[in-house]
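Participant: Pasting in a structure now, in structure tokens, and then I'll have a few things to ask.
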Amino acid sequence: MMRQYKGWSQEEMAEKLGYSLNGYAKIERGETDVKVDQLGKIAKAMGMDLQQLLNLNDKNVFNLVESCNHSNISHGNIVLTETQCGNELEKALLLLQERDKEIDNLKQQISQLKQINVLLEKHNASG
């Protein structure tokens, strides 16, 4: 949506990111998993931070209007069909799930590092 709002083609966006057109198109179609660092790169290309891109604050409000035809941009409003809104919601939920998995992974790494630290402290104390 943001790419379309800015008036950029998929080819322009792919070029800004250093991706192939096909690779970027797969991201938009939801055919490939997007890692957090890739989302950060996309956000930067659009001149925003990751939190803004994911609409996690009140400042990024889009006027979504139901349309009976197809997606287009009109007078600053982004017009989506009910199906497209459902697809966008599904993408957002998947992103949140991926974020939660990443948080769990980081928590596990922190726990492991703490255990290593305890072992090192024991080793240093006895040595």
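The values are calculated or read from the model by the stated rules, or taken from the named source; none is laboratory data. This structure is a prediction, so every number in the text was calculated from the model and none was measured. Here the Cβ positions follow ideal geometry from the backbone for every residue, glycine too, while neighbour counts run over all protein chains shown. Please note that ligands, DNA and RNA were not included when accessible areas were found on the heavy atoms of the full protein model with its side chains. Shrake-Rupley method; radii C 1.70, N 1.55, O 1.52, S 1.80 Å.
Participant: Is the shape of the stretch 9-51 best called rounded, prolate or oblate, per the rule: a/c under 1.5 gives rounded, else a/b larger than b/c gives prolate, else oblate, with a ≥ b ≥ c the square roots of the Cα gyration tensor eigenvalues? Before the final figure, lay out the partial values.
Facilitator: Numbers: a/c = 2.09, a/b = 1.23, b/c = 1.70.
Oblate, since a/c reaches 1.5 and b/c is not below a/b.
Participant: Calculate one ³J(HN,Hα) per residue across the stretch 18-28 by plugging θ = phi - 60° into the Karplus curve 6.51 cos²θ - 1.76 cosθ + 1.60, and present them in order as whole Hz with x for glycine and proline.
Facilitator: Along the stretch 18-28, the couplings run x, 9, 6, 4, 4, x, 5, 4, 5, 4, 4 Hz.
Participant: Can you give me the solvent accessible area of residue 96 with a 1.4 Å probe, rounded to the nearest 10 Å²?
Facilitator: Using a 1.4 Å probe on the heavy atoms, I get roughly 70 Å².
Participant: Quick one: ranking 34, 118 by accessible area, 1.4 Å probe, largest first, what do you get? Before the final figure, lay out each step's value.
Facilitator: On the way: 34 30, 118 70 Å².
If we order 34, 118 from most to least accessible, we get 118, 34.
Participant: Also, quick follow-up: Which pairs in the list 44/91; 44/114; 16/107; 6/101 are over 27 Å apart, alpha-carbon to alpha-carbon? Don't skip to the end; give the middle numbers.
Facilitator: On the way: 44/91 20 Å; 44/114 33 Å; 16/107 33 Å; 6/101 31 Å.
Beyond 27 Å: 44/114; 16/107; 6/101.
Participant: OK, next. What is the distance, in nm, between label points placed 7 Å from the Cα along the Cα-to-Cβ direction at residue 105 and at residue 123?
Facilitator: Distance between the two pseudo-spin positions: 2.6 nm.
Participant: What does the charge add up to near residue 9, with Lys and Arg as +1, Asp and Glu as -1, over the other residues with Cβ less than 13 Å from its Cβ?
Facilitator: Details: positive: 3, 6, 16; negative: 11, 12, 15, 28.
The answer is -1.
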